[in-house]
């Protein structure tokens with residue numbers, strides 16, 4: 001690849017870029033330098049990054065270049081700059097969790113398991129990306145760093161909770177970032193920002209380390225990038241067990257990149273436009289129905305299922321998420337910084353501390369069991385379930401965290417994602433169109449228990465068939481915008 005015109009992370013292949021660094025066609029310092037320039041140019045408008053260490057990133061890039069000069073392989077992600085979601089540790093950076101409670105903590109002394117594996121492959125952490133407080137909602141803003149904007153339309157939300165990572169990718173600040181998904185937090189912002197995204201099965205990417213994970217039975221971490229090829233390339237490097245993670249899964253025997261290259265849909269696919277309980281925006285539904293026709297054109301039989309679940313499990317999901325956040329915040333209710341905690345989150349924690357019981361949490365876990373049992377029935381007849389990723393388009397920031405569905409304000413506009421955290425299912429989102437306002441729409445693909453490769457093959461086939469290649473036209477003065 002020729003780099004005489006510079007690097008555009010929104011167009012470049014991550015794997016090819018790393019290969020070119022390893023081969024000497026471009027230096028790691030040039031790649032990281034471009035990321036830093038792009039962040040400087042676009043972050044004031046987007047607010048995706050909340051901390052950047054340019055000196056450390058350039059020093060790491062110099063180390064990569066030195067290895068290349070000596071003929072030493074620096075790794076399959078050589079010189080790739082990446083952002084780290086501010087819910088996980090990256091050495092040298094404060095892990096603020098988007099909260100005034102933790103914003104004054106000392107910088108982390110070590111990396112999370114995911115960041116450790118990315119660095120071992122040659123990637124370079126340039127900074128931390130914004131997240132809502134404790135990742136608790138589907139919009140990205142907090143009292144410490146403010147709101148993140150959607151590069152497709154700065155007046156709209158990028159979703160959450162990995163909204164800083166998604167916005168950084170959509171704006172071309174970096175080609176790679178980390179995310180986590182406890183209720184849709186990779187899939188929601190990926191859909192809002194025109195990206196493909198994958199939530200692997202719980203345990204595929206370990207969350208081990210010195211401290212227990214934040215959301216034990218709901219959240220899985222994973223890489224985020226603009227397109228499936230890059231995501232799968234990185235996933236193949238970071239999946240596998242960690243002895244400190246009780247839920248980590250053995251490394252799959254099959255190659256994940258090979259599965260992506262074997263792009264194909266199952267013979268029979270279930271399409272559920274509502275899951276049985278959701279109202280969907282007409283524009284979102286139209287984009288998804290067009291994608292369903294693409295699935296049929298690829299030769300798959302599509303069976304429409306009116307109801308996958310008997311009712312919306314949001315109440316039980318909230319019970320679990322709130323139990324985890326109460327565990328984290330309870331010791332700080334009397335701290336001076338408590339006044340700066342998101343008022344709704346603080347009120348919910350106060351109520352949970354007084355009223356929630358261990359039995360409530362176990363009953364919510366029982367619901368997870370029943371939801372998965374229902375999915376087992378569905379997957380007896382099909383190998384893939386497809387739904388809209390979101391009930392509405394990315395909402396205006398002025399009304400976030402609520403959204404719009406058919407012109408009406410809807411607090412729960414992301415109600416298609418969290419059931420599949422409760423079932424621990426692998427799930428992906430693929431961009432399938434734009435609304436009349438030019439905002440991205442995604443379709444969700446859900447696989448059977450541990451069926452990550454089915455999801456990867458299917459998402460690759462749909463991504464190729466739809467051919468969504470638009471990029472956000474944010475222009476903050478960068479020569480590559």
Residue tally, condition touching a helix residue (DSSP H, G or I) at 6+ places or on another chain (Cβ under 8 Å), surrounded by fewer than 22 Cβ atoms within 10 Å (Cβ to Cβ) and in a strand (DSSP E or B), over the stretch 399-433: 1
Residues of the stretch 302-336 being surrounded by 13 or more Cβ atoms within 10 Å (Cβ to Cβ) and more than 24 Å from residue 212 (Cα to Cα), in sequence order, are 302, 303, 305, 308, 309, 312, 313, 314
Can you pull out every residue in the stretch 109-125 that is out of contact with any strand residue (DSSP E or B) (no Cβ under 9 Å at 6 or more places or on another chain) and outside any helix (DSSP H, G or I)? 109, 110, 121, 122
Restricting to the stretch 287-301, and then to whatever is in a helix (DSSP H, G or I) and touching a residue at least 40 places away in the same chain (Cβ under 8 Å), can you tell me which residue is surrounded by the fewest Cβ atoms within 10 Å (Cβ to Cβ)? 297
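For (1) farther than 22 Å from residue 349 by Cα; (2) modelled with pLDDT under 95; (3) outside any loop (DSSP other than H, G, I, E, B); (4) out of contact with any helix residue (DSSP H, G or I) (no Cβ under 6 Å at 6 or more places or on another chain), each residue gets a yes or a no:
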position	(1), (2), (3), (4)
37	yes, no, yes, yes
87	no, no, no, no
93	yes, no, no, yes
97	no, no, no, no
104	no, no, no, yes
107	yes, no, no, yes
127	yes, no, yes, yes
Would you point out which residue out of 230, 214, 242 is out of contact with any strand residue (DSSP E or B) (no Cβ under 6 Å at 6 or more places or on another chain), over 30 Å from residue 306 (Cβ atoms) and part of a helix (DSSP H, G or I)? 230
Those residues of the stretch 135-147 which are more than 15 Å from the chain's Cα centre (by Cα) and either crowded, with 24+ Cβ neighbours inside 10 Å or free of Cβ contacts under 8 Å to residues at least 12 places away in the same chain (or both) amount to 141, 142
What about residue 394, is it closer than 25 Å to residue 343 by Cβ, in a loop (DSSP other than H, G, I, E, B) and out of contact with any strand residue (DSSP E or B) (no Cβ under 8 Å at 6 or more places or on another chain)? no
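The values are calculated or read from the model by the stated rules, or taken from the named source; none is laboratory data. Just so you know, these numbers come straight off a predicted model, no measurement behind them. A quick note on method: Cβ atoms are made from the backbone with ideal geometry, for glycine too, and the neighbour counts reach across all protein chains shown.
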